[in-house]
Amino acid sequence: ATGLLEQKGHSVRLVDAPAWNWSEQEVIEDLQGFKPDMLIVGTSFTSLNNDLSLSKRLKESTNALTVMVGPPCSQYPERMLDYVDIIVRNEYEGALVHLAECISAHDLDKVLGISYKKEGNIASNPDNAWSTSDDLDKMPFVTQTYKKHLNIGDYFLNYSLYPMVQIFSGRGCPYHCTFCSWPQNFMGRKYRARSVENILDEVQWVQENLPEVREIFFEDDTFTINRKRVHEFCREYTHRGLNIAWSCNARVDTLDLDTMCAMKNANCRFLIVGFETANDSILKNIKKGFTVNQAREFVKCIKDSNLLLHADFVIGLPGETRETIEETKRFIREINPDLLQVSVSSPFPGTELYNWYKQNNYLLTEDPNDYLDECGHQKCIIFCPTLTAGDIVREVDNILKEYYISMRFVQNLLKQIIRKKGLSEAKRIWRSGRGFIHYITTRHSN
């Protein structure tokens, strides 16, 4: 959004206050120096209360038109418009450009996709059309905005070489996983993608203009939806002589060994894969779209291609029992991923999963701000017929400890360090290890 507004001739300042460790007063002083006509605040479900109260104070200190964007905007218009002037539902770049064009006239009824108060009542304009593939190709590279406005050294992912940048090659997800908030609250089900040429132009721009970057992570829900496109990307990546590492999200049912080998040969490091559980009934309950046997075959292909595997699982999904948790534990030991993430089931408002928990009276709270504790760690806000919220959290922590404090994981670490770019891998592992130790120690203290 910052890059697009600048492309349209507007003067924009992008501030990441948490990354810069800025206090509220420092943000206010910076705003008063910039004197914006429009103030845009990004929000998420778990930070919504903080973001709303802060937005109100920022508005009072600047008198700017205050706009909020992010997934919660599709769920809480009444609540949010007590604090901000306008909310943008779903994708927001186009709406922000239109708002900037009519800000002096306040001709809001012509801006699609927004909600605001009009004569004391909430007015919701018709939805904006989803972006198209052509729209995405016309947007400026987000990495140019990173370079101009941010310090990429502020950002770290435990699975990526440091420093890294995250970009999207496409938006929307055609799959129907009941728990995923982005397709249901923000980016939609319709899949649209940038051209391979456009994506590689940005990869090449990063390699030439951000030489400190060690890796690009494609943040698409599923980068690998179209195998033909993946093969084209890999061929053109090689043809251009690019060498920066990259990684992506993938699904069990979207790749075969041939495609994985092509990705590996084009400098792909690892795949993040959402397995979620090792029980077929639970996979069916959450509409995941594949079976445990398919997942098992997928892992074999990853091993054969020599890509790294970052495996994601969730505990507490519909149908979870102590027995199904044991199945998941055995499966994790069987596939022996290079990295493991295990999460508490967190049903976000607006998702099919949230509605299921609510209808069955399995929610302990309806406020997503309660999903994290004071340290930013996951809390469990649901229960199952045979599992309490405390049981679910303990099982998550036990799985993580069993995996990360084991000789098998030590062997995985050594395997990663002796790979290409071993020094960068070692630095990533060291930093990740410190984070895990902090998590375990503070988790015990709570």
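The values are calculated or read from the model by the stated rules, or taken from the named source; none is laboratory data. Because the structure is a prediction, the values reported are computed rather than measured. Using ideal geometry, Cβ is built from the backbone for each residue, glycine included, and neighbour counts are taken over all protein chains shown. Accessible surface areas use protein heavy atoms only, side chains included; no ligands, DNA or RNA. Shrake-Rupley method; radii C 1.70, N 1.55, O 1.52, S 1.80 Å.
Pairing residues of the stretch 343-359 that are under 10 Å from residue 45 (Cβ atoms) with residues that are open to solvent by 30 Å² or more (accessible area, probe 1.4 Å) and small (Gly, Ala, Ser), at Cβ distances under 7 Å and at least 6 apart in sequence or on separate chains, gives 350/74.
Suppose we keep only residues that are within 14 Å of residue 96 (Cα to Cα), part of a loop (DSSP other than H, G, I, E, B) and small (Gly, Ala, Ser) within the stretch 1-56. Which one would you say is least open to solvent (accessible area, probe 1.4 Å)? That would be 1. Pairs are defined by a Cβ separation below 8 Å, a sequence spacing of at least 6 or placement on different chains, a first member in the stretch 222-236 that is closer than 15 Å to residue 203 by Cα, and a second member that is surrounded by fewer than 17 Cβ atoms within 10 Å (Cβ to Cβ); the pairs so defined are 234/265; 236/197. Taken over the stretch 175-207, the criterion of being charged (D, E, K, R) and either on the phi > 0 side of the Ramachandran plot or surrounded by fewer than 19 Cβ atoms within 10 Å (Cβ to Cβ) (or both) is satisfied by 189, 190, 192, 197, 201.
Here is a yes/no grid of residues against (1) among the aliphatic types (A, V, I, L, M); (2) modelled with pLDDT of 95 or more; (3) under 20 Å from the mean Cα position of the chain (by Cα); (4) at negative phi:
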site	(1), (2), (3), (4)
228	no, yes, no, yes
232	no, yes, no, yes
237	no, yes, no, yes
246	no, yes, yes, yes
250	yes, yes, yes, yes
263	yes, yes, no, yes
275	no, yes, yes, yes
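If you take the residues in the stretch 256-305 that are small (Gly, Ala, Ser) and over 27 Å from residue 214 (Cβ atoms), which one is most open to solvent (accessible area, probe 1.4 Å)? In this case the residue turns out to be 281.
So the check is Cβ under 6 Å with 6+ separation or different chains; which pairs have a first residue in the stretch 383-410 that's in contact (Cβ under 8 Å) with a residue 12 or more places away in the chain and a second one that's aromatic (Phe, Trp, Tyr) and part of a loop (DSSP other than H, G, I, E, B)? Matching pairs, first to second residue: 383/362; 389/383.
Please work out if residue 142 is farther than 30 Å from residue 345 by Cα and either at pLDDT 95 or above or over 16 Å from the mean Cα position of the chain (by Cα) (or both). Yes: the conditions hold for residue 142.
Kindly provide the set of residues from the stretch 88-119 that are open to solvent by less than 80 Å² (accessible area, probe 1.4 Å), out of contact with any Pro (no Cβ under 9 Å at 6 or more places or on another chain) and small (Gly, Ala, Ser), ordered by number. Answer for the stretch 88-119, where residues must be open to solvent by less than 80 Å² (accessible area, probe 1.4 Å), out of contact with any Pro (no Cβ under 9 Å at 6 or more places or on another chain) and small (Gly, Ala, Ser): 94, 95, 100, 105.
Of the helices (runs of 4 or more DSSP H) lying entirely inside the stretch 335-446, the ones with 1 or more residues being hydroxyl-bearing (Ser, Thr, Tyr) are found at 352-359, 389-404, 422-445. If you filter the stretch 414-430 down to residues that are under 29 Å from residue 379 (Cβ atoms) and touching a residue at least 12 places away in the same chain (Cβ under 8 Å), you find that the one that is surrounded by the most Cβ atoms within 10 Å (Cβ to Cβ) is 428. Just one of (1) farther than 22 Å from residue 186 by Cβ; (2) in contact with an Asp or Glu (Cβ under 7 Å, 6 or more places away or on another chain); (3) open to solvent by 10 Å² or more (accessible area, probe 1.4 Å); (4) not charged (D, E, K, R) fails for residue 122. It is (1). With respect to the stated conditions, residue 411 fails to be in contact with a strand residue (DSSP E or B) (Cβ under 6 Å, 6 or more places away or on another chain) and open to solvent by 30 Å² or more (accessible area, probe 1.4 Å).
Out of all the residues in the stretch 431-443, is one or more of a type outside the set (Gly, Ala, Ser), under 27 Å from residue 378 (Cβ atoms), free of Cβ contacts under 8 Å to residues at least 40 places away in the same chain and surrounded by fewer than 11 Cβ atoms within 10 Å (Cβ to Cβ)? Yes.
For beta carbons closer than 8 Å, sequence separation of 6+ or different chains, a first residue in the stretch 239-255 that is farther than 30 Å from residue 289 by Cβ and of a type in the set (S, T, N, Q) and a second that is at pLDDT 95 or above and open to solvent by 10 Å² or more (accessible area, probe 1.4 Å), the qualifying pairs are 243/207; 243/267. Residue 168 meets each of the listed conditions (1) at pLDDT 95 or above; (2) of a type in the set (A, V, I, L, M, F, W, C); (3) open to solvent by less than 50 Å² (accessible area, probe 1.4 Å) apart from (3).
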